[in-house]
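**Q** Submitted below is the structure of interest, expressed as structure tokens.
The values are calculated or read from the model by the stated rules, or taken from the named source; none is laboratory data. Given the structure is predicted, the values throughout are model-derived calculations rather than measurements. With ideal geometry, Cβ positions are generated from the backbone for all residues, glycine too; neighbour counts draw on all protein chains shown. Ligands, DNA and RNA are excluded from the accessible area calculation, which covers all protein heavy atoms including side chains. Shrake-Rupley method; radii C 1.70, N 1.55, O 1.52, S 1.80 Å.
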Amino acid sequence: MSKNLSHLSGRQGLDNNLFEAYAKAAEAEGYPSMEDLEKLRDKFLVGKSSVYGAVSFYDFLRPENRGKKVYVCNGSACLTAGTQQKLKEQLLGQYAEDEIGEMCCLGRCHENNAFHADQVNYSGNDIGNIVEIKKNKLPSGETYHVEALGAGILTAPTGDVAQYYKTMARVLERGEILSEIKTSSLRGRGGAGFPIAFKLEACASQTADTKFIVCNADEGDPGAYSDRYIMEQRPHALILGMLIAGYAAKARYGVVYIRAEYPDSVTIIQNAINEARSLGWIGENIMGSGFSFDFKVIKAQGAYICGEETALLSSIEGQRPEVRVRPPYPVQQGLFNQPTVVNNVETLACLPWIVENGGSAYAAIGTERSKGTKLVSLDGHFNRPGIYEVDMGTPLATVVNELGQGFKHNVKAMHIGGPLGGLVPAHKINELTIDFESFSSNGFLLGHASVVCIPDHFPMIEYIEHLFRFTAHESCGKCFPCRLGSTRGYEMIEQSRHSAYKMDRALLDDLLETMEVGSLCALGGGLPLPIKNALQYFSEELKPYFKA
Amino acid sequence: MEKTAFINDVAYAFQEGDTILSFVRRHLGTDYVPTLCDAPNLEPFGACRVCSVDVALAAGGPRKVQASCHTPVIPSSYIYTDSQRISKLRKNIIELVLTDHPLDCLTCEVNNNCELQTVAARVGIRKVRYPEGKNHLDRTKDLSHAYMTTDFSKCINCGRCVRACDEVQGQLVLNMAGRGFDAHIVKILKPPCRQ
């Protein structure tokens with residue numbers, strides 16, 4: 001990360017954003033031309049290497065993206081569902097081989113068969129209409145079950161929009177809202193579980209001209225679609241949540257960074273912002289209160305690492321989204337070198353309820369240290385896949401057996417909490433509850449609480465090969481353990497699967513430890529968890545791939 | 001009263017703004033903790049992780065591995081620069097680096113004047129255990145510039161040239177491009193327009 005580039009990018013303001021200019025330049029050909037990059041260099045007074053280095057990072061801005069018309073989801077749930085190969089064959093009837101790309105993941109984990117064509121995502125039986133889809137850009141027939149067990153905060157309808165934003169009037173009247181958020185003990189839902197009130201307070205106490213609330217809507221974890229659910233079904237909960245956070249942190253702008261793999265989310269959030277603006281809740285001097293707050297939606301360009309908060313900030317600035325060292329923390333020096341609070345969608349969407357019902361009401365739900373509710377995404381291996389909202393502390397068995405109504409076929413493990421979450425063997429279902437502590441004390445990770453099942457017949461070696469391939473593809477390449485380790489790990493597993501090569505267990509253990517304790521961020525640092533779980537719980541199955 | 005922290009169980013005074021690395025270096029010498037991506041006059045970068053140390057918040061407490069170059073010293077903390085785990089980590093990182101580096105030290109022009117060679121010898125690398133895989137050993141030398149030559153087959157992606165070009169020179173001529181294993185240095189020598 002370059003402070004110079006942060007400054008040069010920031011002085012153009014959010015309306016004239018360098019990162020968005022890359023995407024615009026790529027519209028015609030699938031990637032920006034050298035002439036486009038020279039124009040941007042001149043406009044932003046940066047180096048040509050600065051803009052070239054940045055665009056070469058993103059899946060959807062690279063020359064390899066040229067001519068791609070349809071993308072197959074290569075996420076974990078579509079992989080274990082076994083739908084990818086047949087889907088690709090069906091697409092080959094309509095598209096040339098080099099017109100078919102890959103995306104990871106489209107968040108259609110509940111009905112699989114997922115693909116993306118011309119800014120629309122499809123899944124389930126949509127492939128049957130491929131001729132029509134190609135000709136007339138049909139909408140998707142996607143449906144999924146949504147249900148709450150318990151308090152039901154995030155799944156409750158937001159109702160009449162004008163009425164819903166009255167909550168903000170109460171915030172403005174009170175003049176102080178941080179104490180209520182503190183009382184709620186709300187912790188970040190993005191993976192780390194950090195209390196949001198700490199960040200808001202730290203940001204509010206900084207002296208700076210402009211502060212930012214950034215919503216991390218780069219829900220890249222294969223298997224998770226709960227943030228997509230909020231953005232598409234409860235968009236005003238997120239917008240109002242960001243307004244409240246902005247007020248508490250004394251921020252001026254809210255930036256929603258949404259992944260390109262969720263085109264509907266981008267449109268729906270933008271429309272919701274426009275609606276809230278027309279009602280007077282966004283802009284200068286909101287309702288005569290003296291509080292001004294504006295929004296900016298930024299569409300990402302295909303890089304999982306942008307879900308890491310410092311990489312995300314560099315991405316918005318048009319820099320290479322490499323993970324930054326901390327300190328400085330984003331609340332000290334974040335977007336454009338200004339104090340910034342970064343939180344994920346689900347966390348921010350809890351704030352309207354907390355303001356409306358009080359922090360203590362929120363803190364009364366859940367366990368001692370994990371308060372409130374959690375959205376859980378269940379994949380297509382369940383009899384009733386979908387989005388479920390449960391109070392923190394709800395037994396995993398209740399989620400699996402009652403809400404999901406059990407598995408369609410025998411499942412040997414569940415990968416919970418994204419690619420960096422733990423691999424929970426089926427026999428542990430009764431030992432876990434949905435909260436941060438239960439998962440961490442049992443050697444797993446709650447993460448986004450997404451559940452991807454690995455059926456009995458799916459080879460564990462293929463699954464861990466997939467995890468290493470994913471990490472090697474998505475590593476930003478900055479820190480040595482992740483850049484080199486993810487590729488070497490992938491090669492070891494790939495060779496042991498497809499050649500006579502047998503892995504040396506001591507070497508693999510060394511590699512995992514190096515990545516786990518040595519990596520700069522949670523990507524390289526997190527991958528060893530599911531691999532170690534697989535080695536522990538499925539040692540017999542994996543034995544043939546190791547030296548005796 | 002001066003603030004102190006412990007290095008290998010001996011108490012030393014640290015200064016405001018010290019990173020663990022600057023703290024250890026002041027008391028025990030510049031080479032006490034090995035580094036590959038750190039450089040004078042550049043901001044901490046945290047890429048190579050070779051400078052990692054073990055840190056406990058109290059005597060005998062649980063230890064956490066931290067990269068010393070960008071981690072501030074915590075008062076009264078216990079820093080272990082050469083624990084077994086740290087020695088192993090450094091060795092394993094260097095082994096990974098050597099999987100994508102020519103093993104031709106004896107004929108290399110910087111033989112005996114090479115930080116990687118020094119650190120590799122220090123951590124005691126004997127052999128590379130990984131099977132043969134992707135590498136960048138076929139990159140050719142660039143001798144086109146009058147006095148700056150490059151051989152990217154030997155580049156370890158420490159990012160020092162990119163950062164010097166940005167932080168010291170303000171030129172933005174060099175940058176990394178691509179990502180992951182394919183991340184590499186690009187030189188775009190046409191200077192930025194200053195209109």
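**Q** Between A:G30, B:V73, A:L375, whose Cα lies farthest towards the positive end of the dipole of the protein assembly as shown when Lys and Arg beta carbons carry +1 and Asp and Glu beta carbons carry -1, centred on the Cα centre?
**A** Result: B:V73, furthest along the dipole toward the positive end.
**Q** Tell me, what is the percent relative contact order of region A:460-545, built from C-alpha pairs under 8 Å that lie six or more residues apart?
**A** Numbers: 85 pairs, mean separation 29.4, N = 86.
Once divided by the residue count of region A:460-545, the mean separation gives 34 percent.
**Q** Among all lysine pairs in region A:1-143 that are eight or more places apart or on different chains, how many have alpha carbons less than 15 angstrom apart?
**A** Final tally of qualifying lysine pairs is 10.
**Q** Give me the aspartates and glutamates in straight-line cross-link reach of A:K182: C-alpha distance below 13 Å, same-chain residues under 8 apart excluded.
**A** List returned: A:E201.
**Q** In nm, give the distance between the simple-model label positions of B:K134 and B:T30, each being 7 Å from the Cα along the Cα-to-Cβ direction.
**A** Using points 7 Å along Cα→Cβ, the separation is 3.7 nm.
**Q** Rounded, prolate or oblate: pick one for region A:70-143, where a ≥ b ≥ c are the square roots of the eigenvalues of its C-alpha gyration tensor, a/c under 1.5 means rounded, and failing that, prolate if a/b is larger than b/c, else oblate.
**A** Values: a/c = 1.61, a/b = 1.20, b/c = 1.34.
Oblate.
**Q** Let me ask another. Reachable lysines from B:K91, Cα under 16 Å, same-chain residues fewer than 8 places away excluded?
**A** Within the straight-line cut-off, B:K91 pairs with B:K127.
**Q** Another question, then. Can you give me the accessible area per residue for chain A, using a 1.4 Å probe, in Å²? Can you show the working numbers first?
**A** Details: 18820 Å² over 548 residues.
Computed with neighbouring chains in place, this is 34 Å² per residue.
**Q** Mind putting a number on the dipole of chain A about its Cα centre? Charges go on the C-beta only, +1 for Lys and Arg and -1 for Asp and Glu, and I need it in Debye to the nearest 20. Don't skip to the end; give the middle numbers.
**A** Numbers: 53 positive and 64 negative charges, 161 e Å.
It works out to roughly 780 debye.
**Q** If you don't mind, another one. Carbon-plus-sulfur fraction of the accessible area of region B:64-170, 1.4 Å probe, in percent?
**A** On the way: 3150 of 5970 Å².
After summing per-atom areas, the C and S share lands at 53 percent.
**Q** If you take the beta carbon distance between B:I74 and A:N16 as r and set R0 to 56 Å, what does 1/(1 + (r/R0)^6) give as a FRET efficiency, to the nearest 0.05?
**A** On the way: r = 41 Å, r/R0 = 0.74.
According to the calculation, E is roughly 0.85.
**Q** For chain A, what does the helix formula give at 222 nm: sum of -39500 (n - 2.57) over DSSP H segments with n ≥ 4, over the residue count, nearest 500 deg cm²/dmol? If you can, show how the numbers build up before the last one.
**A** Values: 25 runs with 224 residues, N = 548.
Using -39500 (n - 2.57) per qualifying helix, the result is -11500 deg cm²/dmol.
**Q** Can you give me the relative contact order of chain A as a percent, contacts being Cα pairs under 8 Å and 6 or more apart? Each step should come with its number before you reach the end.
**A** Numbers: 1111 pairs, mean separation 83.8, N = 548.
The value is 15 percent.
**Q** Follow-up. Roughly how many percent of the accessible protein surface of region A:460-545 is carbon and sulfur, given a 1.4 Å probe and a whole-percent answer?
**A** On the way: 1310 of 2600 Å².
Carbon plus sulfur share of accessible area: 50 percent.
**Q** Could you tell me which of A:L92, A:S140, A:G107 has its Cα farthest along the dipole of region A:70-143 towards the positive end, charges placed at Cβ (Lys, Arg +1; Asp, Glu -1), taken about the Cα centre?
**A** Going by the charge dipole, the pick is A:S140.
**Q** Compute the distance in nm between two label points, each set 7 Å from the Cα along the Cα-to-Cβ direction, one at A:H427 and one at A:K24.
**A** Computed distance between label sites A:H427 and A:K24 equals 6.0 nm.
**Q** Continuing with this model, one more query. In the neighborhood of B:E132, defined by Cβ-to-Cβ distances under 12 Å, what is the net charge if each Lys or Arg adds +1 and each Asp or Glu adds -1? Before the final figure, lay out the partial values.
**A** Values: positive: A:R488, B:R129, B:K134; negative: A:E491, B:D100.
Around B:E132, the surrounding residues sum to +1.
**Q** When only C-alpha pairs under 8 Å and at least 6 residues apart count, what is the relative contact order of chain B, in percent?
**A** On the way: 280 pairs, mean separation 32.3, N = 195.
Relative CO of chain B lands at 17 percent.
**Q** Taking a ≥ b ≥ c as the square roots of the Cα gyration tensor eigenvalues, with a/c under 1.5 meaning rounded and otherwise prolate when a/b beats b/c, else oblate, which class fits region A:84-196?
**A** Details: a/c = 3.02, a/b = 2.43, b/c = 1.24.
Since a/c reaches 1.5 and a/b is larger than b/c, the shape of region A:84-196 is classed as prolate.
**Q** Run lengths n ≥ 4 of DSSP H only: what is the helix-derived mean residue ellipticity at 222 nm for chain B, with -39500 (n - 2.57) per run over all residues, to the nearest 500?
**A** Details: 4 runs with 37 residues, N = 195.
Value at 222 nm, helices only: -5500 deg cm²/dmol.
**Q** Still on this structure, please answer the following. With charges set only on the Cβ (+1 for Lys and Arg, -1 for Asp and Glu), what does the dipole of region A:195-261 come to about its Cα centre, in debye to the nearest 20? Could the numbers behind the result be given before it?
**A** Values: 7 positive and 8 negative charges, 61 e Å.
Once rounded to the nearest 20, the dipole reads 300 debye.
**Q** Treat every Asp and Glu Cβ in region A:460-545 as -1 and every Lys and Arg Cβ as +1, leave all other atoms uncharged, and give the resulting dipole magnitude about the Cα centre to the nearest 20 debye. Let's see the in-between values first.
**A** Details: 9 positive and 12 negative charges, 33 e Å.
Dipole size: approximately 160 debye.
**Q** Here is a follow-up. In region B:158-182, which residues become less accessible by 40 Å² or more once every protein chain is in place, relative to the chain on its own, using a 1.4 Å probe?
**A** Listed in order, they are B:D166, B:L172, B:N175, B:M176, B:G178, B:R179, B:G180, B:F181.
**Q** With a point put 7 Å past each Cα toward its Cβ, work out how far A:S205 is from B:L103 in nm, to one decimal.
**A** 5.4 nm
**Q** Give the residue from A:S6, B:A146, B:G17 lying farthest towards the positive end of the charge dipole for the protein assembly as shown; charges sit on Cβ (+1 for Lys and Arg, -1 for Asp and Glu) and the dipole is referred to the Cα centre.
**A** It is B:A146.
**Q** Note the buried accessible area between B and A here, summed over both chains, with a 1.4 Å probe, in Å² to the nearest 100. Present the calculation step by step, with values, prior to reporting the outcome.
**A** Details: alone 12560 and 20990 Å², together 29130 Å².
Roughly 4400 Å² of accessible surface disappears when B and A pair.
**Q** With a/c under 1.5 counting as rounded, go ahead and sort the protein assembly as shown into rounded, prolate or oblate using the C-alpha gyration tensor (a ≥ b ≥ c being the square roots of the eigenvalues; past the cut-off, prolate if a/b is larger than b/c, else oblate). Display every interim value, and only then the final one.
**A** Values: a/c = 1.31, a/b = 1.21, b/c = 1.09.
Rounded is the answer for the protein assembly as shown, as its axis ratio a/c remains below 1.5.
**Q** Report ³J(HN,Hα) in whole Hz for each residue of region A:166-179, in order, from the Karplus equation J = 6.51 cos²θ - 1.76 cosθ + 1.60 where θ = phi - 60°; Gly and Pro get x.
**A** Result, rounded to whole Hz: 4, 4, 5, 4, 5, 4, 5, 5, 5, x, 8, 10, 4, 4.
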